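Read-outs: derived from the displayed coordinates by stated rules, not from any lab. Predicted model only: the values in this text are computed from it and were never measured. Neighbour counts run over all protein chains shown; Cβ positions are idealised from the backbone, glycine included.
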Amino acid sequence: MEQESISMEVVNPQAAGIDVGSRSHWVAVGQTEHDVREFGVFNQDLFAMADWLKERNVRTVAMESTGTYWQNLYAVLLSRGFHLILCNGKFTKNIKGKKSDVMDCQWIQKLHTLGLLTGSFLPDGQTEELRTYCRHRSNLLHSAAAASKKMQKYLRLLNFRLDVVVNDICGLTGLLIIRAICEGETDPKKLASLRHGNCRKSEEEIAAALQSNGRKDYLFALKQELDTYDHLRMKIEDCDKEIEKKLNEIIDSDDNKREHYLESKPHKRVNKN
């Protein structure tokens, strides 16, 4: 039987594909060996890539969102007037083809030429900056939580069962007692007297849980983790200030957002966190 072939329509005739890497970027403007070039990752290499694409009359470029290596390249090509498609790597892998016979950049270029790639959502500049602050704050919170768990571990090894008598060792009562322990206080009654008025346990119950075994190595490690926790909390406060500044900038620059912005309601009771 005669084999039938179906030709696919070329959607983007002047397209290029870029295989983004950590140390070099491979660029393809066609399916032959002469249509592929390798460029470095330094700033002058990115500008050289843009000049080469201009020489080859490329209008649209597709690339994979590989880690964070694509961001500087994306910014340079966008400033040079190229239409960019940033696609998830799983989309290029899901489309079956003779990927082993060609380079990755040529496979991306072929898919983009045929219009088979869809771009990922990219926020505007202000939203992207705000997202960076929020993600960094989330990482700081995870680090502070890890430091809190280590403090609880060393308190337990010191036989200070503070976690049994307070709900949160990093609350008002917990931090006061931990700071006193790090300053060298070992008397259970004096430590229990630091109890906050809202704490449900009595001073006698707290004093019974604070019987130290006097291990200096665990005390040293506790001091280190407390310093780390305090440092991270200070970083989180700085991050909150930057987020508030950025939010105010976004709201003030948009009349619609400024119109719908509501002031926060005053609360009588302030949460300790």
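I need the full set of residues from the range 8-41 which are among the charged types (D, E, K, R) and over 19 Å from ARG59 (Cβ atoms), in order please.
Quick first cut of the range 8-41, residues among the charged types (D, E, K, R) only: 9, 19, 23, 33, 35, 37-38.
Once the filter is applied, which keeps residues that are among the charged types (D, E, K, R) and over 19 Å from ARG59 (Cβ atoms), the range 8-41 yields ASP19, ARG23, GLU33, GLU38.
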Discussion item. Give me the helices (runs of 4 or more DSSP H) completely within the range 123-220, filtered to those with at least 1 residues that are surrounded by 15 or more Cβ atoms within 10 Å (Cβ to Cβ) and in contact with a Gly (Cβ under 8 Å, 6 or more places away or on another chain), ordered by residue number.
Written reply: 162-165
